[in-house]
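Comments concern the structure below.
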Amino acid sequence: MKAFRAAILRFAPDRSAIYEEDGLLVVGPDAHGRQRVQAVGPWRDLAPRFAQVPTEHWPARLLAPGFVDLHVHYPQVDVIGSPADGLLPWLENYTFPSEARFADPAHADAVAVFFLDELQRNGVTTALAFCTSHPASVNALFERARQRQLRLITGKCLMDRHAPDGVRDQTEQSLLDTEALITRWHGVDRLGYAITPRFAPTCSDAQLQGAGALARQYPDVWIQSHVAENRDEIAWVRSLYPADRSYLAVYQRFGLLREKSLYAHCIYLDDEDRALLRSTGACAAVSPTSNLFLGSGSFDFEAADRAGFGYGLASDVGGGTSLSPFHTMLAAYVVGREGQTKKGLSLTPQQLWWRHTAGAAQALGLEGVVGNLQPGCEADFVVLNPAATPLLARRTAQANSLDELLFAMIVLGDDRLIEKTVISQAAV
Ligand code: GUN
Ligand code: ZN
């Protein structure tokens, strides 16, 4: 066992933050050797019980759950900041050409290493990621994540139509590849597979049908896709699927809405769609920096809360502009503020933080596993230095409440705030 003495942030079941100004986090192996939180609370209460446990003291530092990024494209680190007149030209002119390079395993491997380094530098310890359509891109990311013992969920992008040579796959082979990758990777160490139809416009009926069949055959794997992100995209889906009530309903018809399914964006939904998310247990990956950058539109937080479906925050790099959870939380705040009709704070700092940690974990079906520092959780955490920059130091020193402290970090924070990212290890 090992203990860490510092300020500690975690979340109660009612989603409120619990903050220990002088706390103790005790981690130790479970029956399989995996490091989990064994105890957490005020240092003065726990210190006598754990006096024999080697303790690292981090004065003026804050331990918090590692962040959970619900939607990110690892092959898109090289297209961040590519300007385009909306989603569809952005895909055609930048994204597909860049993704075509991942047919080369050496390129896929080099980018996987860079991407995982960046996640860790930004304090992200769990991610649901897109690969490209090339199985080599999936093998590269899983292999590198496994070496680091990261909790990572990803899958081969399915896209058998309306996409150029070099990224377009073939229906039957794409489904065979998916099944082989599930068998090879799902449940290995901390890795999970996600069946990954890119979005309805680039998947034939037969491919969506096959994806739905695999989702039924492997109920424990995740599903990820995009929905209702952009007006031109929606008009395209309507022309391809005129008989379906909505874009989301297409995925429903093919059996792709269920628990452990995550849909990026969810901007242009109506209340019937929102009720469908809620009743199926499908969740939204809200990607505010991407929606702002691509001019897609705004997620309606109030309508989501009224409908009661699950959602969490995501970078959506490379449509998104940053891998930093602080940037994503700030963008979510700004968008929520802009759209708000009620009095009061649209999204409080505690809600924003929860949506990028414990709430995102809940959307993945990983509540109590990651995204929190309650006893039993896997010991993935970040060490924050609230004095990492002169302005952060000045502002956080004057915080008079937990909300003020969290807000100062959300507004002023970036990778410099993350002093260290600790990944739960297992004894070999
Ligand atoms: N829709 C289909 N593919 C993509 C993608 O790569 N990024 C975003 N933002 N939306 C998509
Ligand atoms: Zn995306």
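Below, the figures for the structure above:
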read-out: Hits in the stretch 187-232 - residues which are touching a residue at least 40 places away in the same chain (Cβ under 8 Å), in a loop (DSSP other than H, G, I, E, B), within 16 Å of ligand 1 (Cβ to nearest atom) and within 21 Å of the chain's Cα centre (by Cα); value: ARG198, ALA228, GLU229, ASN230
read-out: ALA331 being of a type in the set (A, V, I, L, M) and out of contact with any strand residue (DSSP E or B) (no Cβ under 7 Å at 6 or more places or on another chain); value: yes
read-out: Top-ranked residue of the stretch 216-231 - restricted to ones that are within 16 Å of ligand 2 (Cβ to nearest atom) and farther than 27 Å from ARG190 by Cβ, ranked as surrounded by the fewest Cβ atoms within 10 Å (Cβ to Cβ); value: ASN230
read-out: Selection count, the stretch 233-252, where residues are within 23 Å of the chain's Cα centre (by Cα) and either of a type in the set (Phe, Trp, Tyr) or more than 19 Å from ARG274 (Cβ to Cβ) (or both); value: 2
read-out: Helices (runs of 4 or more DSSP H) lying entirely in the stretch 6-112 (those with 2 or more residues that are within 16 Å of ligand 1 (Cβ to nearest atom)); value: 87-90, 96-100
read-out: Matching entry among GLY344, GLY295 (being within 16 Å of ligand 2 (Cβ to nearest atom) and surrounded by fewer than 17 Cβ atoms within 10 Å (Cβ to Cβ)); value: GLY295
read-out: Number of the condition not met by ASP117 [criteria: (1) closer than 30 Å to ALA213 by Cβ; (2) surrounded by fewer than 24 Cβ atoms within 10 Å (Cβ to Cβ); (3) not aromatic (Phe, Trp, Tyr)]; value: (1)
read-out: Members of the stretch 374-397 found to be more than 17 Å from ILE418 (Cα to Cα), among the small types (Gly, Ala, Ser) and in contact with a strand residue (DSSP E or B) (Cβ under 7 Å, 6 or more places away or on another chain), listed by number; value: GLY376
read-out: Residue in the stretch 43-52 that is modelled with pLDDT of 95 or more, in contact with a helix residue (DSSP H, G or I) (Cβ under 9 Å, 6 or more places away or on another chain) and of a type in the set (S, T, N, Q) present; value: no
read-out: Candidates ALA284, ALA264, ALA331, ALA304, filtered to the one that is within 16 Å of ligand 2 (Cβ to nearest atom) and assigned to a helix (DSSP H, G or I); value: ALA331
read-out: Tabulated pairs, the stretch 72-84, first of a type in the set (S, T, N, Q), second more than 9 Å from ligand 1 (Cβ to nearest atom), C-beta under 9 angstrom, 6+ apart or interchain; value: GLN76/TYR94; GLN76/SER98; GLN76/VAL317; SER82/ASN93; SER82/TYR94; SER82/SER98
read-out: Failed item, numbered, when GLU259 is tested on (1) in contact (Cβ under 8 Å) with a residue 60 or more places away in the chain; (2) within 22 Å of VAL317 (Cα to Cα); value: (2)
read-out: Flag for SER239 being without any contact (Cβ under 8 Å) to a residue 12 or more places away in the chain, more than 24 Å from LEU141 (Cα to Cα) and of a type in the set (S, T, N, Q); value: yes
read-out: Residue satisfying condition, being on the phi > 0 side of the Ramachandran plot and modelled with pLDDT of 95 or more, within set GLY368, GLY344, GLY359, GLY318; value: GLY368
read-out: Only one of PHE326, PHE293, PHE309, PHE299 that is touching a helix residue (DSSP H, G or I) at 6+ places or on another chain (Cβ under 8 Å) and within 16 Å of ligand 1 (Cβ to nearest atom); value: PHE299
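The values are calculated or read from the model by the stated rules, or taken from the named source; none is laboratory data. As the structure is a prediction and not an experimental result, all values here were calculated from the model. We place every Cβ from the backbone using ideal geometry, glycine too, and count neighbours over all the protein chains shown.
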